[in-house]
1. Excluding residues fewer than 8 places away in the same chain, name every one of the lysines whose C-alpha is closer than 18 Å to that of residue 634.
2. When the accessible area of the range 9-285 is split by element with a 1.4 Å probe, what percent falls to carbon and sulfur?
3. So which lysines can residue 509 reach, going by Cα to Cα under 26 Å and dropping same-chain residues fewer than 8 places off?
4. With every protein chain kept in place and ligands, DNA and RNA left out, what is the accessible area per residue of the range 9-285? Probe 1.4 Å, answer in Å².
5. Provide, for the range 9-285, the number of lysine pairs with alpha carbons under 30 Å apart, each pair being eight or more places apart or on different chains.
6. Stretched out fully, how many nm does the piece from residue 87 to residue 12 gain, at 0.36 nm a residue minus the Cα gap?
7. Kindly report the accessible area of the range 299-373 per residue (heavy atoms of protein chains, probe 1.4 Å, no ligands, DNA or RNA), in Å².
8. Per 0.36 nm of contour for each residue apart, how much would the distance between residue 628 and residue 47 grow if the chain were fully extended, relative to their Cα-Cα spacing?
Amino acid sequence: MFPSETSCWFIRKVIWWRAAASIAWSVLLLPPTTAVFVFLSKFSFLHPIQTISECLSLLMSSCLIFSFILLGGVVTMVGFLNLEYYTVIPTIACSKIALLGQLLHPRQVINSFAHCLMGVIVGWCCAVTAGSRYETLGCPCKSSDGVPQMGLNEYHLVFLLAGAFVGFSHSLLGVIHNINYVSFNAVQQYKYLHFKGSLPLVLKCSAIQAFYSIRNFTVAYFFLGYIPKTWICKTLNLHLDSSVHRLDSITGFVDLSLLYHLWISATFLLFTWYTTLLLFRIFVTEVYSFPVQPTFTEDSRQCLPRVLTDQQPMILKFLALQDLALLSKHSPSRRSEVFSLSQPGGHPHNWNAVSRECLALLADLTQRLVAYHETVATNGRAKSLSSGSERKTSSDTSFSSGTEDLMSPRPTFLTKTPTSVFARSFAGGPHSPLTAPFTPDLDSPFSSPTLRRLTGPVDQCSPWHGSVQSPHIMRRAPKLWSTSAESQVSSSPPRSPASVPSPKHEPTKPSFLAQFLQNRKEQVKNFMAKRVLIMYLFNKLPEASSQALFADSQAHIWALEALSYLVQASFTEDQFGVVQTTLPSILSSMLHLQEAVDRHFKLPHASSKPVRSANSMEDFTYKTLRFALRATLKTAIYRITTTFGSHLNAVQMSAEHRKRLQQFLEFKE
């Protein structure tokens, strides 16, 4: 699962031990929780003394000890499922059909079946603890002829089915609400204080969710209760007692005592599971301090610069970025190790590794935002070059040249740069690696004449060829957000005459079969678009695309904080000036990202904040990450400008970026 050696070390020595500690504490909290449940199930206003004596005798009974062993096994299994299914980057479904696909995924089906089974076990323990008429599945009864026989105790069956239903509902809500998403708190707290402050919310959410789950179960059992009841009777050779009211009827479920016991049993089940989840979140997100420099050579894989470059598991990368952000803000001694030079050689390897990874994260997010904005702007149609993109070419060129040295070890970020979907790089040829994935096939029968005009070779008689005389026609320039890789392609040696495309390219006429298939495809699309259910399933959910775009922005927030605090500290602590060599690249990356973020927040639904529900264990942090990123980005730029002040005028950058930076220097942003 984790092939990297560093990952294996981290999972084995850190994550597993933290998960084991959370499970151990969850099991240790079972006795007091079970005692409270026993007291609530036996409580009687008219006989308080008798209630206390019954509770004490029940707590010492062998039946409850066996139930406690089963509950401990269930809690341990829940802890292992939390370890298996947790994620630091939430999976956000952008449509109803995508959410349905997540619910029907085989991995989720297994998870739901496991929760159903554990719910049945907890339901049996609760039924045995409640005693009286709920204790056993079979009970003696008499037939119509007066012959004694073994009958079905429907009260016990309802407890078992309610446990399975609550477990299944909990599993489904976990997917819908991203319950397994693990977020990192902005304010660091001790584990005990964090748990103590979150315990009332856990109890409240458990009681409310248990109420709705029992309500839904009551309705489901009223209509479908005869199915499991008949199956159980035939399987176990049990009989129905006609003298007892059936529970799948209106008179059967108007039993307040039964509803009360079902509700407190469901609350007990959800409380123990949510407590296990809360403890897992607290332990896993605890700050881990990575050494900046290794004491021994064999420990180099555990150092912060090395760990930052690992992509799997994501919890390792997030904890490393969290440690880097805290290091840059609170630890002068560890900051000095980041600014130090290697011996021998005198190279700033630590700073280069840290800044390269942070800048790579910022560049990746910038490129994703630009690609998303272009997709929304074009809406799947061909878009001609605008004058706005021409005006931004100079700033993009300076950004790419400034970060070329830092991004060279990571070419994957360069290939992700969204270029014009319809513009070919003539210097690189029609099959250039940077444009091939984004260039349509002109020979395809599905290509339109508009695409052929935009992507075909330029005619010498065309107004785009050579110098442009008309003031209404603008010269083609590099695409917005282009990188230095395109300039490298343009400076490649000329191709042989055999590889040069002919100036005249006559499009081939689509075949009859291709036209037939295209027409049928359009007919199917038009037919589906008129069906309300189909459109309901496939329509994009509001804000979902924006939330999915910023799902991993916690890493970018830490990268921004780390870079800004390190640059701020370098003004007085950087003795060798290692930070000053990359200051232009850092400023250009931040200004580029801010421009992309500002453009994104002008889109519909991007600036609307979601409504937070106080009755759910859902973590809403991922829904507001884009707002936190925008605030952190602006704060990071201000942190640098207020520290360096007018000294930033000597930093080389484009005219547009200098104008934008001047706004920060004058506190006008």
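The values are calculated or read from the model by the stated rules, or taken from the named source; none is laboratory data. This structure is a prediction, so every number in the text was calculated from the model and none was measured. Using ideal geometry, Cβ is built from the backbone for each residue, glycine included, and neighbour counts are taken over all protein chains shown. SASA here: full protein model, heavy atoms, side chains in, ligands and nucleic acids out. Shrake-Rupley method; radii C 1.70, N 1.55, O 1.52, S 1.80 Å.
1. Result set, ordered by chain and number: 329, 602, 659, 668.
2. Working: 10110 of 14010 Å².
Ligands and nucleic acids excluded, carbon and sulfur give 72 percent.
3. 383, 521, 525
4. Numbers: 14010 Å² over 277 residues.
Each residue of the range 9-285 exposes 51 Å² on average to a 1.4 Å probe.
5. So the count works out to 11.
6. Working: separation 75, 0.36 × 75 = 27.00 nm, distance 1.73 nm.
25.3 nm is the gain from fully extending residue 87 to residue 12.
7. On the way: 2520 Å² over 75 residues.
On a per-residue basis, 34 Å².
8. Numbers: separation 581, 0.36 × 581 = 209.16 nm, distance 5.53 nm.
Going from the current span to full extension adds 203.6 nm.
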